[in-house]
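See structure below.
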Amino acid sequence: MKVSNELLAYIEERNLETKAWVAEAEGRWAGYYPTDARHWEDRGIFTLAQLERDELITHIYEGHKDAYGVKGRHYDFEAMSLEQLKAEADSISNAISIENERMDAQRRDSIKSFEAMVEQYAPMAGSRKRAIRWMLESENLLNEGDVGYVQYCIGLPYDYCKDELTSILEAA
């Protein structure tokens with residue numbers, strides 16, 4: 001079987017759309033569909049309908065981990081109709097949104113708790129920096145070289161006060 005011209009045209013169109021989207025703003029990046037027909041032949045995808053089905057299956061399988069913490073290995077994708085796949089993909093997308101909202105709330109709560117503790121210790125410590133140093137020392141993290149690990153241990157998001165923590169760790 002040969003890869004359909006419809007599929008190759010669709011791939012080209014999607015890649016052009018993606019390139020335009022990336023070019024719209026600094027810092028954007030994205031992957032592109034392979035344009036080599038052999039790639040699609042090796043994967044057993046010859047038509048646009050097969051690509052759609054494959055993308056739905058991938059979204060469900062991988063998205064299940066984002067939503068529930070484990071990959072969706074329990075699905076019998078071969079037995080599922082296209083409509084069933086679409087319905088499950090919608091369900092997974094909804095579950096991912098709910099999980100993302102929960103994680104965002106957890107990040108906000110973690111930052112709030114951290115800042116409350118810093119605020120509590122800062123008057124005794126004499127400075128914010130020293131208060132954080134005390135907090136890290138109490139957790140036996142002052143000599144840790146990996147700021148990401150420190151953030152993980154104290155429950156902070158990896159993008160929160162990284163420079164400040166790095167400075168404190170380097171001065172220790």
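Note on the range 126-171: Cα Rg divided by 2.2 N^0.38 Å, N the number of residues, gives 1.00. The charge dipole of the chain, taken about its Cα centre with unit charges on the Cβ of Lys, Arg, Asp and Glu (plus for the first two, minus for the last two), comes to roughly 500 debye.
How would the range 47-106 be classified by its alpha-carbon gyration tensor: rounded, prolate or oblate, with rounded meaning a/c under 1.5 and the a/b versus b/c comparison settling the rest?
It is prolate, given that a/c is not under 1.5 and a/b is the larger ratio.
Can you give the log10 of the normalised intensity I(q)/I(0) at q = 0.14 Å⁻¹, computed with Debye over equal Cα scatterers of the chain? Listed by q, the Debye log ratios stand at -0.90.
The label point for Arg107 and the one for Lys162, both projected 7 Å from the Cα toward the Cβ, are 1.2 nm apart.
When the helices of the chain are scored as -39500 (n - 2.57) per DSSP H run of n ≥ 4 and the total is divided over every residue, the value at 222 nm lands at -23000 deg cm²/dmol. Bridgeable lysines around Lys19 (alpha carbons under 29 Å apart, same-chain partners fewer than 8 residues away excluded): Lys2, Lys65, Lys86. From least to most packed, judged by other beta carbons within 10 angstrom and beginning with the fewest, Glu101, Glu55 follow the order Glu101, Glu55.
The orientation-averaged projected area of the convex hull spanned by the Cα atoms of the range 1-46 comes to 3.2 nm².
Once you sort the root eigenvalues of the Cα gyration tensor of the range 80-152 as a ≥ b ≥ c, which label holds: rounded (a/c under 1.5), prolate (a/b larger than b/c) or oblate (the other case)? Prolate.
For the chain, the membrane-span-like helices by this rule, meaning whole DSSP H stretches whose C-alpha atoms cover at least 24 Å of axis and whose Kyte-Doolittle mean is -0.5 or above, are 5-23; this says nothing about an actual membrane.
No value in this document is a laboratory result; all are computed from the given coordinates. Quantities reported herein were computed from a predicted structural model and do not represent experimental measurements. Here the Cβ is made from the backbone with ideal geometry for all residues, glycine too, and neighbour counts use every protein chain on show.
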